[in-house]
Amino acid sequence: MTQSVKTIDVTALGEILIDFTMQGVNSQNMNVFAQYPGGAPGNVCVQVSRLGGQVAFMGKVGLDMHGRLLKTVLDQEGISTRNLIEDQEHFTTLAFVSVDENGEREFSFARKPGADTQICFEELDLNELQQAKIFHVGSLSLTAEPACSTTLQAIDFAKNAAP
């Protein structure tokens with residue numbers, strides 16, 4: 001039996017979102033937030049790519065300014081975005097983050113539903129999953145359908161694609 005050579009070091013599936021992190025207050029004493037790309041699977045992809053790995057991301061963003069920013073960042077980091085699906089009906093998930101005096105973070109998600117929760121298994125190009133040496137998923141994907149079922153199906157697919 002011949003084994004196919006795995007060409008992608010890490011394929012990640014799950015949330016990619018915008019973190020709006022509190023930066024202080026303005027002259028009217030209103031909170032000021034800065035926009036940062038975020039989401040654990042996206043962060044894993046960026047770090048593996050920066051370490052020289054071949055990386056692919058699977059997820060869904062809105063067809064909006066935040067989704068375009070996330071795609072641009074992944075592209076600039078050398079991450080395959082072949083499986084980054086742009087959703088015309090749902091917005092990119094946003095997370096507002098505050099940090100208290102002890103460094104503890106508090107998150108407030110704008111996701112009702114966010115595009116990342118709407119990914120379906122049938123939308124995925126499974127080649128990037130089949131070619132992955134490591135398959136990473138985010139836990140936030142397991143909190144809503146159809147993303148939860150998609151994640152579980154992808155895990156089963158990856159197990160069966162293992163050498």
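Screening Ala95 with (1) open to solvent by less than 50 Å² (accessible area, probe 1.4 Å); (2) more than 24 Å from Thr11 (Cα to Cα) gives one miss only, at (2).
With the requirement that a residue be without any contact (Cβ under 8 Å) to a residue 12 or more places away in the chain and part of a loop (DSSP other than H, G, I, E, B), what does region 75-123 give you?
Scanning region 75-123 gives Asp100, Glu101, Asn102, Gly103, Glu104, Lys112.
Among the residues of this structure, Phe107 counts as one that is at pLDDT below 95, open to solvent by 30 Å² or more (accessible area, probe 1.4 Å) and not polar (S, T, N, Q).
Has region 124-143 got at least one residue that is over 13 Å from Glu15 (Cβ atoms), of a type in the set (Asp, Glu), touching a Lys or Arg at 6+ places or on another chain (Cβ under 8 Å) and part of a helix (DSSP H, G or I)? Scanning region 124-143 turns up at least one residue that is over 13 Å from Glu15 (Cβ atoms), of a type in the set (Asp, Glu), touching a Lys or Arg at 6+ places or on another chain (Cβ under 8 Å) and part of a helix (DSSP H, G or I).
One residue stands out among those in region 119-163 that are open to solvent by less than 60 Å² (accessible area, probe 1.4 Å) and among the polar types (S, T, N, Q): the one that is modelled with the lowest pLDDT, which is Ser141.
Residue-level check: of (1) within 21 Å of Val5 (Cβ to Cβ); (2) crowded, with 18+ Cβ neighbours inside 10 Å, Arg82 misses just (2). Of all residues in region 86-107, those satisfying the criterion of being of a type outside the set (A, V, I, L, M, F, W, C) and under 17 Å from the mean Cα position of the chain (by Cα) are Glu86, Asp87, His90, Thr92, Thr93.
The values are calculated or read from the model by the stated rules, or taken from the named source; none is laboratory data. Predicted model only: the values in this text are computed from it and were never measured. Positions of Cβ are backbone-derived with ideal geometry, glycine not excepted, and every protein chain shown enters the neighbour counts. Accessible surface areas use protein heavy atoms only, side chains included; no ligands, DNA or RNA. Shrake-Rupley method; radii C 1.70, N 1.55, O 1.52, S 1.80 Å.
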